[in-house]
Amino acid sequence: MGYYGIYMKTILLFLLVLPMVHMQQAPKTWVPLLREGTKVVDGVGVLSRESDNHPIVVELPRGDGKTIDTFIVLPNQRLAEMESSTKEFPERSFRFSGDIYAYGAQNYLLIREVVSVGEHTERNHPTIVPKKPNEESVEQEDFEDSIADIVGELEDATGSLVRSIRNASTHPISKEVTKEGLRISSRRCHLVRNKHGAWVAVFVSDATGLSDPPCTVLPGSSFTSLTRWAKTQEPSTPVLLSGEVLNYHGHGFLLVSSWRPVHNSDHLDN
């Protein structure tokens, strides 16, 4: 065969084996999302974030001891308390319980109960969340986006959430204007986007002329269908929302449980 033939066979064998070796050295692990509605009970972890441009997260290992779930923490009073404690004691960990939500390829965690359990491995801790989430009024520019703009420029929910939380935490409202845990049912509102991409529910005044402050809509399964519908409507199109209002530094956030378009037969006092 000669030296040249042996040399070429060696090169070909090397080229065939190299990708297989690379695949063995760098396996990819796919972690399936947890179903929305799953409960976390007595999980232990710390708040962390990769940078100011990333959301606040907490990691929890599954029962197999190998798989780790990463949850983006949704804004509410519990999160604000955890951030305050973490700022004072950077190595502090927490035991918490809460509800899991799903949107896109990410799980979100709404912490309902939490207690501090002492020090933990030091992490880079968060202070961040949708821009101007609690405007008292809606400017005309909020209604000027064309349908093409809404379809083409709608930001990823995580990016909007990061900016909203950051803005709320750095511009707290001294007087509480939204009540944590308030349930709304078929409330008439308009859905608008602020200039940073977050969806905001602007409530229509009731029969007394009063209306609740606007709330930034949080990601979840209902958020997916709601925003898909909203992208095909004029910004002034009313919609009926049901869900839970959360309070984060005095700013309102809304977890939508259900929604439906307004029909001609609906009364104006919804």
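Where a number appears in this text, it was derived from the coordinates with a stated rule and is not lab data. If you're wondering where the values come from, they're calculated on a predicted model, not measured in any experiment. Note that each Cβ is placed from the backbone with ideal geometry, even for glycine, and that neighbours are counted across all protein chains shown.
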Each label point is 7 Å from the Cα along the Cα-to-Cβ direction; what then is the distance between the points at Ser185 and Ile173, in nm? 2.5 nm
Name the residues whose placed amide hydrogens come within less than 5 Å of the amide hydrogen of Arg92, ignoring near sequence neighbours (fewer than 5 apart) on the same chain. His120
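Fewest first, what order do Tyr248, Tyr101 take by the number of other Cβ atoms within 10 Å? Walk me through the intermediate numbers first.
Details: Tyr248 27, Tyr101 24.
Least to most surrounded, the residues fall as Tyr101, Tyr248.
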Placed amide H near Arg112: partners under 5 Å, 5+ positions off or other chain: Ser97, Gly98, Asp99
Fewest-first ordering of Trp229, Trp259, Trp199 by Cβ atoms within 10 Å yields Trp229, Trp259, Trp199
